1. How much of Leu212 can a 1.4 Å solvent probe reach, expressed as accessible area in Å² and rounded to 10?
2. Would you mind classifying the stretch 78-167 by shape? Square roots of the alpha carbon gyration tensor eigenvalues, ordered a ≥ b ≥ c; an a/c under 1.5 is rounded, otherwise it is prolate if a/b is larger than b/c and oblate if not.
3. Pull out a ≥ b ≥ c, the square roots of the eigenvalues of the alpha-carbon gyration tensor of the stretch 160-210, then state rounded if a/c is under 1.5, prolate if not and a/b is larger than b/c, and oblate in the remaining case.
4. What's the tally of Lys pairs in the chain whose alpha-carbon atoms lie under 17 angstrom apart, where the two lysines are 8 or more places apart or on different chains?
5. Looking at the stretch 127-205, which GluC sites (Glu not before Pro) are in a loop (DSSP not H, G, I, E or B) and have at most 16 other Cβ atoms within 10 Å?
6. Under 12 Å from the 7 Å Cα→Cβ point of Phe154, by amide nitrogen: which residues of the stretch 40-60?
7. Please compute the length gained on full extension between Lys245 and Met52, using 0.36 nm multiplied by the number of residues separating them and subtracting their Cα-Cα distance.
8. Count neighbours as other Cβ atoms within 10 Å of each site's Cβ, and list the chymotrypsin sites (Phe, Trp or Tyr not before Pro) in the stretch 51-107 that are DSSP loop with at most 15 such neighbours.
Amino acid sequence: MGNAEEERALREQRLGPVVRRRHQMRPETTDQRLLDTQGATHWVHEDPFRVMRIQSEFVEGFGTLAELGRAISVFGSARTPEGSPEYEAGVRIGRALAEAGFGVITGGGPGAMEAANRGATEAGGVSVGLGIELPYEQGLNPYVDIGVNFRYFFVRKTMFVKYAQGFVVLPGGLGTLDECFEALTLVQTKKVTRFPIVLFGSAYWKGLVDWLTNTLIAEGKASPHDLDLFHLTDDIDEVIDLVTKESGP
């Protein structure tokens with residue numbers, strides 16, 4: 001090898017698909033820069049990195065739930081005490097959904113969510129919990145068979161809708177109302193199709209339905225037809241009939 005060839009060989013550096021020569025060559029490898037650098041860390045809190053976290057949550061959720069099959073999302077209060085009539089109704093609904101061939105998806109927490117997961121598990125069905133990062137520790141209840149924890153509410157909400165054929169809404173608080181009205185809006189605006197929404201517990205939901213009728217619709221803020229977007233019942237058999245009929249095969 002002549003001097004010119006030796007110099008060329010010495011002054012060429014291949015870094016993956018990139019070729020660097022002469023003064024553009026670097027003294028270290030890519031792995032060295034990755035593993036040795038101890039630079040600033042502020043970037044992990046900036047929006048470009050958050051986008052990657054959001055993307056990873058969608059990927060994990062889609063990958064975990066893609067083969068779930070038919071399922072119904074069940075919402076309700078985390079504060080519903082075990083042994084109460086509302087808790088027992090949640091267990092019975094979870095059991096009935098599982099026996100009808102549906103997986104049961106909840107927020108994975110305690111209370112009404114635990115009740116629905118419990119009913120599904122005891123019936124041998126698929127019990128899913130989609131948890132959320134909160135300022136206070138909540139964790140997934142022990143009846144969850146498949147659990148995914150999320151940082152972002154909007155990613156979690158996507159999973160509730162994408163992998164469910166309908167919603168059953170038990171008595172609950174602000175989070176339950178948020179999930180319920182998001183579902184109503186998606187159906188009203190035809191962002192989703194064939195999506196039954198069942199409010200269980202007529203005494204609990206009567207005040208809300210009266211307000212929708214006598215204030216929201218009466219003042220022209222919504223259409224009378226919007227009352228057809230959901231069903232109100234106290235009958236667990238009717239819950240199953242509604243979600244089975246409207247969600248299709």
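1. 20 Å²
2. oblate
3. Prolate, since a/c reaches 1.5 and a/b exceeds b/c.
4. 4
5. Glu133, Glu137
6. 51, 54-55
7. Gain on stretching Lys245 to Met52: 65.5 nm.
8. Loop-located and lightly packed - none at all.
The values are calculated or read from the model by the stated rules, or taken from the named source; none is laboratory data. The shown structure was predicted, so the numbers you read here are calculated from the model rather than taken from an experiment. Cβ sites come from the backbone with ideal geometry, for glycine too, and all protein chains shown count toward neighbours. Side chains are part of the model used for accessible areas, which takes the heavy atoms of the whole protein and leaves out ligands, DNA and RNA. Shrake-Rupley method; radii C 1.70, N 1.55, O 1.52, S 1.80 Å.
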